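Below is one structure, written out as structure tokens, with a few remarks after it.
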Amino acid sequence: MSVAPVHPGPQATNRLLPIAMAVLGIASFSIMDALMKRASLASGVYTALLVRCLMSAAMLAPVWRAGGGRHMPSAPVMRLHALRGLLQAGLAGAFFWGVVRTPLAEGIAISFIAPLIALFLASVLLGETIRREAVIASLFGLSGVTVIAVAGVNEPGRSDDAGWGVAAIMLSAVLYAWNIILQRKQALLAGPVEVVLFQSAFAALVMLPMFPLWWRTPAPWELLDIAGAALLASAALMLLSWAYGRAEAQVLVPIEYTAFGWSALMGWLWFAEPVTHATLVGLTLIIAGVWLGTRRNREPCPPPG
């Protein structure tokens, strides 16, 4: 007796499409990180990040205008854009400075602690009560970071400033945690294209004063890497924004952790970086902590950069 194949109906397809877009968005972010690491190794973190921000702003400006962006944002919204641009310059600069000195997958794993830091920043900045689960979760997260950091610094053949690389990624996670809190407010005041456009523009403005000290003229192939990173970063933000607008955060947030798999693959293919057992153990502790600390109120949290 033959059985007719069962095809997913429209409702099942509609439920799966946001998940697929979220997976694609996270993959785009991960490939962007790899492109930025390669460009940063060649021309320096400052040059790669400044050019990426300028390219992102140039790409999104006509999209913003075509979507009805005829007037500049109000002063309060512009101040919020400026603050997030400042944070973007700091967190992305610290992250890429760190992953130049550490494996890509290791840096991504450490950055996953940002949601736990956000819980404590929310207490300081917003007056929210710190729950017992958040304290326990932070212990899991810190244990995971410690495992990764200690094993990485002591790994044979690692550069002498690997410890500083881990510290830079931790600083990036702190700034990104603050960024998470701000984006809750910003999402109510501006659309995703406007947010990314002005965030990129202000980040570039923040970095421009250091131009005479840190600028290194990139080679043509480096510009191609940076252009690809700018395009992927913008596409990823749009894909994730679309996905989170059509599915619950509790469904999509676990997909954020697929960034580790993509980063491990990119690190292995492009930089011959192995994934150590210590990184996997630390990653497990961090994810367990994030799940415990945020299970009552999950927020979208894309990787830094």
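The values are calculated or read from the model by the stated rules, or taken from the named source; none is laboratory data. From a predicted model like this one, the values you see are computed outputs, not experimental measurements. Note that we place each Cβ from the backbone using ideal geometry, even for glycine, and neighbour counts take in every protein chain shown.
On the stretch given as the stretch 199-230, residues that are modelled with pLDDT of 90 or more, of a type outside the set (Gly, Ala, Ser), over 14 Å from Thr47 (Cβ atoms) and in contact with a helix residue (DSSP H, G or I) (Cβ under 6 Å, 6 or more places away or on another chain) total 2.
Selection within the stretch 247-284: residues that are surrounded by fewer than 17 Cβ atoms within 10 Å (Cβ to Cβ) and closer than 14 Å to Ala27 by Cβ. The member of this set that is modelled with the lowest pLDDT is Thr258. Only one of the listed residues (Glu222, Glu133) is within 18 Å of Val100 (Cα to Cα) and among the acidic types (Asp, Glu). That residue is Glu222. Any residue at all in the stretch 112-128 that's modelled with pLDDT of 85 or more, closer than 25 Å to Cys53 by Cβ and touching a helix residue (DSSP H, G or I) at 6+ places or on another chain (Cβ under 8 Å)? No: the stretch 112-128 contains no residue that is modelled with pLDDT of 85 or more, closer than 25 Å to Cys53 by Cβ and touching a helix residue (DSSP H, G or I) at 6+ places or on another chain (Cβ under 8 Å). Only one of the numbered conditions (1) under 20 Å from the mean Cα position of the chain (by Cα); (2) in a helix (DSSP H, G or I); (3) within 30 Å of Ser123 (Cα to Cα) is violated by Ala190, and that is (2).
Residues checked against (1) modelled with pLDDT of 90 or more; (2) within 29 Å of Ala247 (Cβ to Cβ):
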{"position": "Ala27", "(1), (2)": "yes, yes"}
{"position": "Thr47", "(1), (2)": "yes, no"}
{"position": "Met55", "(1), (2)": "yes, no"}
{"position": "Ser74", "(1), (2)": "no, no"}
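Pairing each residue of the stretch 244-263 that is farther than 13 Å from Leu17 by Cα and without any contact (Cβ under 8 Å) to a residue 12 or more places away in the chain with any residue that is polar (S, T, N, Q) and outside any loop (DSSP other than H, G, I, E, B), provided the two are 6+ apart or on different chains, yields C-beta distances under 9 Å for Gly261/Ser30. No other residue among Leu171, Leu237 is closer than 22 Å to Cys53 by Cα, at pLDDT below 80 and touching a helix residue (DSSP H, G or I) at 6+ places or on another chain (Cβ under 6 Å) apart from Leu237.
Confirm whether Ser138 is surrounded by fewer than 21 Cβ atoms within 10 Å (Cβ to Cβ), within 29 Å of Ala118 (Cβ to Cβ), among the polar types (S, T, N, Q) and in contact with a helix residue (DSSP H, G or I) (Cβ under 6 Å, 6 or more places away or on another chain). Here the answer is yes, as Ser138 does meet what is asked. Looking at the stretch 178-189, is at least one residue modelled with pLDDT of 80 or more, touching a Leu at 6+ places or on another chain (Cβ under 7 Å) and not aliphatic (A, V, I, L, M)? Yes, that holds for at least one residue. Among the residues of the stretch 136-165, not one is aliphatic (A, V, I, L, M), within 22 Å of Ile180 (Cβ to Cβ) and at pLDDT below 75.
From the residues in the stretch 47-62 that are of a type outside the set (A, V, I, L, M, F, W, C) and within 19 Å of Pro220 (Cβ to Cβ), which one is surrounded by the fewest Cβ atoms within 10 Å (Cβ to Cβ)? Only one residue tops the list, namely Thr47. Looking across Ala109, Ala89, Ala82, Ala61, one residue alone is assigned to a helix (DSSP H, G or I) and over 23 Å from Glu194 (Cβ atoms). It is Ala109. Checking each residue in the stretch 177-218 for being without any contact (Cβ under 8 Å) to a residue 24 or more places away in the chain and under 22 Å from Phe112 (Cα atoms) picks out only Ala187.
Residue selection: Leu240 satisfies the criterion of being in contact with a Pro (Cβ under 6 Å, 6 or more places away or on another chain), assigned to a helix (DSSP H, G or I) and under 30 Å from Thr276 (Cα atoms). Only one entry in Ala168, Ala203 is in a helix (DSSP H, G or I) and more than 19 Å from Ser56 (Cα to Cα), namely Ala168. Is it the case that Leu80 is modelled with pLDDT under 90 and either within 27 Å of Arg216 (Cβ to Cβ) or not β-branched (Val, Ile, Thr) (or both)? Taking the combined requirement at face value, the residue satisfies it.
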